[in-house]
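Asker: Quick one: the structure is below, questions incoming.
Coordinate-derived values only; no laboratory data. Because the structure is predicted, anything quoted here is derived from the model rather than measured.
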Ligand code: 2P0
């Protein structure tokens, strides 16, 4: 049987997804909006086989470590009446579970490869619906550029679509990696605890709606300063939710806060630079392409142990 290979890129949420109203289908409480990134991706090959097996970065994973992938295979088979088992070989070109959203590219690539290996001719919208059930943010990684995930109210109505292909955007992102260790509190657990216990969660849908209304024209106008301001504020609004959960928690490490301060100081020098942070300690820095080298140098001068990768808007799913 032929091997089918799909490549999908990670995305960074500018307006965050934080909370599900349906666990099994991964239906979110709110829309979210992301930028797909060029340099972080997952390449996944699928071969029809006589048993399900999952290799990650060349290593055969135990049944326990494959459970999330196997559950997804079962969902896929049931949804599309597929009878086959699959050999899955996935290679991540991102540090795993370090707030770099590797599950977004992973489940997007897996969805595309599974559909192709099963001779299903799925639209991008259908792939987005499928990927969403693997990991919410994966619904957005089907597309390149700026992508909006419509929360919807059921499986059919919850999917992402491209908002802008970013071909006219001067935006650059610096990925500042301070910690590659797996996070203690998964996104799934973190968002559930927040939703159930933070007294501020009830205003989160309004916060997102408001931020989306402001960021969309800024994206169309290539207004990176406004994109940065809104994204940074939205990230802090999300992290304020984790700190007000019970028991409270944070994804910030000391280095995370150090980087936030460095960015803020650069703004005092009139450099247009902003940050966003996901469910981990690493920081994504948002800036104009013309400033990216200077900003990288300044970060390197002030951070002894950080790894900094410059990237730009990336493409949607492709096949080899
Ligand atoms: C996002 N994050 O919008 C948000 C912001 C992290 C912070 O989506 O539970 O792995 O698998 O649906 O997609 C990371 O969570 O969560 C995430 P699940 P996912 O990108």
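Asker: Which angle from 0 to 90°, rounded to the nearest 10, does the C-alpha axis of helix 254-268 make with the longest principal axis of the chain?
Answerer: Helix 254-268 sits at roughly 50 degrees to that axis.
Asker: Could you work out how much longer the chain between residue 289 and residue 49 gets when fully extended? Use 0.36 nm per residue separation minus the Cα distance between them, nm to one decimal.
Answerer: Here the segment from residue 289 to residue 49 would lengthen by 81.8 nm.
Asker: What is the distance in Å between the Cα centroid of the range 4-76 and that of the range 192-266?
Answerer: 24 Å
Asker: Which of 107, 275, 200 ends up with the largest GNM mean-square fluctuation for the chain, with Cα atoms connected below 10 Å?
Answerer: 200
Asker: OK, next. Indicate the gyration tensor shape class of the range 1-96 (rounded, prolate or oblate), computed on the Cα atoms with a ≥ b ≥ c the square roots of the eigenvalues: a/c under 1.5 is rounded; otherwise a/b larger than b/c is prolate and the rest oblate.
Answerer: Oblate is the answer for the range 1-96, as a/c is 1.5 or above yet b/c matches or exceeds a/b.
Asker: Given Cα pairs under 8 Å that are at least 6 residues apart, what percent is the relative contact order of the chain?
Answerer: 25 percent
Asker: Let a ≥ b ≥ c be the square roots of the eigenvalues of the Cα gyration tensor of the range 58-152; is it rounded (a/c under 1.5), or, if not, prolate (a/b larger than b/c) or oblate?
Answerer: Oblate is the answer for the range 58-152, as a/c is 1.5 or above yet b/c matches or exceeds a/b.
Asker: Turning to a different aspect of this structure: Among 122, 174, 33, which one shows the highest mean-square fluctuation when the chain is modelled as a Gaussian network with alpha-carbon springs under 10 Å?
Answerer: Per the Cα network of the chain with a 10 Å cutoff, 122 tops the list.
Asker: Let me ask another. How big is the equivalent ellipsoid of the chain along its three axes, where each semi-axis is √(5λ) from the Cα gyration tensor, reported in whole Å from largest to smallest?
Answerer: For the chain, the semi-axes come out at 31, 21, 19 Å.
Asker: By how many degrees, between 0 and 90 and to the nearest 10, does the Cα long axis of helix 204-220 differ from the longest principal axis of the chain?
Answerer: 80 degrees
Asker: Taking the chain as the reference, fit the longest principal axis to its C-alpha atoms, fit the long axis of helix 63-80 to the helix C-alpha atoms, and give the angle between the two in degrees, 0 to 90, nearest 10.
Answerer: Tilt of helix 63-80: around 70 degrees.
Asker: With a 10 Å cut-off between alpha carbons and a GNM built on the chain, which of 199, 254, 281 moves the most?
Answerer: 254
Asker: While we're looking at this one, here's another question. Give me the number: length gained by fully extending residue 189 to residue 210, i.e. 0.36 nm times residue separation minus the C-alpha to C-alpha distance, one decimal in nm.
Answerer: 5.0 nm
Asker: Take the alpha carbon gyration tensor of the range 221-308, find the square roots of its eigenvalues, order them as a ≥ b ≥ c, and report rounded if a/c is under 1.5; if not, report prolate when a/b exceeds b/c, else oblate.
Answerer: Cα axes put the range 221-308 in the oblate bin.
Asker: At 0.36 nm per residue, minus the direct Cα-Cα distance, what do residue 253 and residue 62 gain on full extension? Give it in nm, one decimal, please.
Answerer: 65.7 nm
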